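First the structure, in the form of structure tokens, and then the observations on it.
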Amino acid sequence: MIKLYGMTGSGNCWKPAALMKQLYQPFEWIEVNLLKGESRTPAFLALNANGKVPLLEVDGHCLAESNAMLCYLAEGSDLFPNDRWQRAKILEWMFFEQYSHEPFIATVRFWVHMLNKKDEFRDKIAEAMPKGHAALGVMEQQLRQTPFLAGDAYSIADIALYAYTHVAHQGGYDLSMYPSINAWMKRLEAQPGFEKMA
Ligand SMILES: N[C@@H](CCC(=O)N[C@@H](CS)C(=O)NCC(=O)O)C(=O)O
């Protein structure tokens, strides 16, 4: 049985869980409370030296990094097709998510929604928000042209980007100015077996 170590409420942890549910892949969820330091215990560090969740355990082998998990789990399905160019376009969006989107959208949500420390992080939030909006602008531009991020077909790129986009408002992001992103989120929520986080 595949094991997924994760924390409820984390978008990165939602990604592999949501994909496995859509693929009807059974798995065991193991809750790790980051706020209590459970990802930094010697036992957890022996599984993932980077001390972060999600962590996927398959046949006793561990895989870190949520987007690597999406590639592994979606292999052989339509969500990560064989076509070389299409795979590269999907990966393009997944690398974009980790470098240009998640650091500004997930972190602001973490400070505001998870830690409830909006005032303490005011300066960092002010610095991050324009960068988060820049990333949302890039998505909006693409989604004005195609129904899904990597083109005409739903893929793991959409799951990767949906994770923190659909909860961005919890960090204070106003998504009402992104009509194509809103339409895209509804399109994803209509996929069979799709379960949103919030
Ligand atoms: N790039 C990683 C990021 C993982 C990550 O930052 N996980 C956070 C929770 S969302 C975490 O475990 N933080 C705890 C810590 O750094 O101690 C991924 O996509 O899986």
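Values in this text are rule-based calculations from the coordinates and carry no lab data. Note that the structure is predicted; figures quoted are calculated from it, not measured. So basically every Cβ, Gly included, is an ideal-geometry build from the backbone, and we count neighbours across all protein chains shown.
Just how large is the dipole of segment 1-62 about the Cα centre, in debye to the nearest 20, putting +1 at every Lys and Arg Cβ and -1 at every Asp and Glu Cβ?
So the dipole magnitude of segment 1-62 works out to roughly 200 debye.
Its Cα centre serving as origin, segment 42-198 has a Cβ charge dipole (Lys and Arg +1, Asp and Glu -1) of approximately 360 debye. Highest-first packing order for the peptide set 28-38, 101-111 is 101-111, 28-38, based on the mean count of other beta carbon atoms within 10 Å.
Cα-based radius of gyration for segment 1-94, normalised by 2.2 N^0.38 Å, reads 1.12. What would the Debye formula give as log10 I(q)/I(0) at q = 0.16 Å⁻¹ for the alpha-carbon point model of the chain, no solvent? Here log10 of I(q) over I(0) equals -1.07.
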